[in-house]
Amino acid sequence: MAEAYPPSISDGSSSDNSEAGNWLQGDQDDGDDFSEQETVQVISLMDDKVFDDALAMVTYCKEKYGLDFLGVRDRLGLDFYGSIKLINFIRQKVHDGKTVKPDDIKASDLEDDSLLKPVLEDDALIVCLDDLPAAGEAAPQAREIKQKEVPAVDELLRKNAQLQEELEKLSQQFSNYRLAVQQTLDQRWGEDDKPESSKARAEAPAPAPAPATNGTEKKDDSPPEATYYFESYAHNDIHETMLKDTIRTNAYRDFIYNNKAIFAGKTVLDIGCGTGILSMFAAKAGAAKVLAVDNSAIIDKARENIFNNGLDNVITCIRGKIEEVTLPVPTVDIIVSEWMGYCLLYEAMLPSVLYARDKYLKPDTGLLVPSHTSMWIAPVADEEYVTDNMDFWRDVYGFDMKAMQEGTYANCRIEHLPDAAVAGTAQCFRMLDLHTCTKEDLVFNEKWTSTYTSKDKLDGFLVWFDTFFCESRQEQVEKQLTWKQWMDVKGKESVAFTTGPFDKETHWRQGLMLIDHAKQPKGSEEKVKEGARLEGEIEYAIPEGHHRGLNIKVTWGLEGEEGEKRLSQMWMCH
C-alpha cells in the first residue's frame with residue numbers, strides 16, 4: 001500500500017526507533033471523528049468466531065469441535081502458566097493445520113517454555129483465564145452456548161458490519177461537510193485570491209461522496225487480520241515515515257515527472273493511494289483522470305489533500321478494496337502503486353495489484369509503475385550485532401535472562417546493516433516482471449550460491465530487493481543486474497533504487513535472519529570458512545491462517561553437500 005508497511009509483524013518498532021531491529025506494529029485505529037467503548041473479543045481456539053467472554057468460547061469449542069479445554073486443563077492439573085501454554089499449544093496446532101485431539105494432549109507437550117509466548121497477538125483468552133471456573137467448579141448455566149444459539153453469533157456479526165457501514169457513511173458525510181465549510185471560508189477570507197489557487201477552486205464544488213463499491217450493499221466479512229491491516233493505515237505516523245523516505249518518494253516523483261509524455265492525457269489508477277501523493281504526482285504530470293483507491297480511512301485525508309491542492313477536478317478518491325470497488329472507467333492506461341513490503345512480499349499487497357492489472361490495465365500498451373523488482377540474498381557475519389541484541393539476555397546486570405531470548409531467532413528482524421556485515425557475494429534469487437508475473441509466482445523455492453568472504457563465523461542471512469521503473473512494458477531487466485548497473489546501462493534519466501546494505505537506508509531496510517546455532521548440529525557453525533563456496537535454497541511461503549504474513553526458509557551447505565548434510569531454518573514474518 002502506498003506509504004505503508006503496517007503492523008502485525010512481531011517485535012514492532014513503529015513508534016520507537018530504538019527497537020529498529022524488530023518488525024513494525026501500527027496503533028489501533030481510533031475511529032477518526034467517532035469513538036466507541038472497547039470490548040473484549042475472545043477468538044475461538046478452533047476457528048475465527050469471536051465471543052464476548054472466555055466461557056462462551058470454550059463452551060462453543062466443546063460442543064462444536066469436541067475440544068474440552070477445561071477438561072484438559074483439569075486432567076493435567078495445569079496452573080495459570082500451564083493454561084497459557086495449553087492455549088498456545090492448541091492455537092499453534094490449528095495454525096499449522098494439524099488435528100487437535102484433546103485426549104492425546106500430555107503434560108510433556110507443554111514443557112517447552114516457548115509456549116508462554118502468545119501465538120495470537122493480544123490474545124484476550126489469556127487475559128480472561130481468571131474468568132473461567134476453577135477445577136471442579138461447575139460452569140454457570142446462564143453463560144453456556146447451545147448449538148442452536150451459535151447462529152445468533154453470526155447475526156450479531158452481520159448487524160455489527162451494518163453498523164460499521166452506517167458509521168462510515170456518516171464519517172464521509174461529515175468529511176464532505178467540513179470541506180464545503182472550508183471552501184466557503186477560503187472564499188470569504190480571500191484564500192482564493194492567491195494566484196495558484198484562484199482558478200483551481202473558483203468553480204470547484206465540495207468533494208462528492210465516495211463512489212459506491214458496487215450496485216448492492218456488501219457485508220465486510222474480512223477476517224480480523226485483514227481489518228487490522230487496513231486500520232493500521234488510518235494514522236498519520238506510518239505515512240509520515242513513508243513520505244520522509246526520500247529514496248522511495250523521489251523515485252516515484254522522478255519517474256513520473258521525467259516522463260510527462262507518458263502520463264499526459266492518460267487515465268491512471270493509484271492502488272493503495274494513502275495520502276494521495278502518487279496521485280498528485282500523476283495529476284501534475286498531465287494525467288487526464290486519476291483514480292485513487294484505498295480501503296483505509298486515510299482516504300478521507302487524501303481527499304482533503306487533493307482538494308486543498310486544487311486537483312480534485314482530476315483525481316477521484318474511492319474507498320474500498322480494489323477487488324470489490326467498481327471503477328468509473330472500463331480500462332486504465334497506467335497503474336501506479338507502492339505495494340512493496342518487508343523482504344518485498346510481506347503484506348501480500350502485490351496480488352491486489354496483479355488483480356487490477358488483469359482486470360483494468362489496457363493489454364499490450366498499459367504500463368505498471370514500478371515495472372520490475374529483484375530479490376537478493378547474502379550471508380552475514382556480525383558478531384557485534386549478535387552480542388548486543390541476542391547474547392545480551394544472558395548477562396543483564398549480572399542476571400541470566402535466557403527466558404527473554406526464547407523465540408528471538410524464529411523471527412525475521414528488520415535492520416539496516418553496515419556493508420561490512422555482508423560476509424559473501426550476493427545473488428539475485430528472483431526477478432519479478434510485474435507485467436507478466438502471476439500470484440502463483442509469489443510462492444516459490446529458488447536456488448542460491450555465494451562465496452564466503454569473511455574470517456568470522458556465519459551468523460545468518462540478509463534479504464533485500466531492488467526496484468526498477470521501465471518506460472514501456474516491452475523493456476526487460478536482466479536478472480543479475482543490480483539497480484546501479486541497470487541505471488549505468490540505461491543512462492542518467494533512468495530510475496531505480498535499492499533497499500540493500502550497500503546504499504542509503506530506506507524504511508524497508510533489510511530482512512535479517514539469524515541462525516539459531518543452538519538448534520543446529522554441534523560444530524556446524526565452524527564448517528563455513530573464508531573462501532568456501534556456499535549453495536542452498538530459499539523458500540517464500542504464506543503461513544496458513546495469515547495470508548498477509550510471510551515465512552522464509554533457507555537451506556545452506558558447502559558446495560557439493562546434499563540432503564541431510566545441508567542445514568536449514570525457517571523465520572516467521574508475522
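Values in this text are rule-based calculations from the coordinates and carry no lab data. Bear in mind that the values here come from a model prediction, so they are computed numbers and not experimental data. Virtual Cβ from ideal backbone geometry, glycine too; neighbours counted across all protein chains shown.
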Which ³J(HN,Hα) values in Hz, rounded to whole numbers, follow from the phi angles of region 255-269 under the Karplus curve 6.51 cos²θ - 1.76 cosθ + 1.60, where θ = phi - 60° and Gly and Pro get x? 5, 5, 6, 6, 10, 4, 5, 6, 8, 4, x, 9, 9, 10, 10
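Please list 558-568, 424-434 highest first by mean number of surrounding beta-carbon atoms within 10 Å per residue.
424-434, 558-568
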Cα gyration tensor category, rounded, prolate or oblate, for region 49-141 with a/c compared to 1.5: rounded
Could you tell me which of rounded, prolate or oblate describes region 474-574, using a ≥ b ≥ c as the square roots of the eigenvalues of the alpha-carbon gyration tensor, with rounded for a/c under 1.5 and, failing that, prolate when a/b is larger than b/c and oblate otherwise? prolate
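Starting from the Cα-Cα distance between D79 and E155, subtract it from 0.36 nm times their residue separation and give me the gain in nm to one decimal.
23.8 nm
Can you tally the net charge around D433? Count Lys and Arg as +1, Asp and Glu as -1, for every other residue whose Cβ sits under 12 Å from the Cβ of D433. It would help to have the intermediate numbers written out before the result.
Numbers: positive: R357, R430, R473, K479; negative: D441, E475, E478.
My count for the surroundings of D433 gives +1.
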Amide H to amide H under 5 Å from I315: which residues, 5+ apart in sequence or cross-chain, H placed 1.01 Å off N in plane? V290
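Rg/Rh for region 237-296: what does it come to with C-alpha atoms and Rh from Kirkwood?
0.98
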Any idea how far the Cα center of region 524-568 sits from the one of region 406-464, in Å? 10 Å
Here region 412-425 yields Karplus 3J(HN,Hα) values (6.51, -1.76, 1.60; θ = phi - 60°; whole Hz; Gly and Pro given as x) of 6, 9, 9, 9, 10, 8, x, 4, 5, 7, 6, 10, x, 5
What nm distance separates the two modelled labels at D456 and E121, each placed 7 Å from Cα along Cα→Cβ? 3.0 nm
Would you list which lysines come within 18 Å of K117, measuring only between C-alpha atoms, while excluding same-chain residues fewer than 8 positions from it? K85, K93, K402
Within-9-Å neighbourhood charge of M401 [Cβ basis; K, R +1; D, E -1]: 0
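What is the magnitude of the charge dipole of region 230-389 about its Cα centre, with +1 placed on the Cβ of each Lys and Arg, -1 on the Cβ of each Asp and Glu, and no other charges, expressed in debye to the nearest 20? Working shown, then result.
Values: 14 positive and 21 negative charges, 207 e Å.
That gives a dipole near 1000 debye.
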As an exercise, identify the trypsin sites (Lys or Arg not before Pro) in region 239-321 lying in DSSP coil whose Cβ has no more than 11 other Cβ atoms within 10 Å. K244
Once K439 and K484 are pulled to full extension, the length gained, defined as 0.36 nm per residue separation minus their Cα-Cα distance, is 13.4 nm
Can you classify region 419-469 as rounded, prolate or oblate using the Cα gyration tensor, where a ≥ b ≥ c are the square roots of its eigenvalues, rounded means a/c under 1.5, and otherwise it's prolate if a/b beats b/c and oblate if not? prolate
Segment K362-W393, extension gain: residue separation times 0.36 nm, minus the distance between their alpha carbons: 5.6 nm
What is the spin-label model distance, in nm, from Q405 to D103 if the labels are put 7 Å beyond Cα along the C-beta direction? 4.2 nm
³J(HN,Hα), Karplus 6.51/-1.76/1.60, whole Hz, each residue of region 288-297, x for Gly, Pro: 6, 8, 10, 10, 9, 10, 7, 9, 9, 5
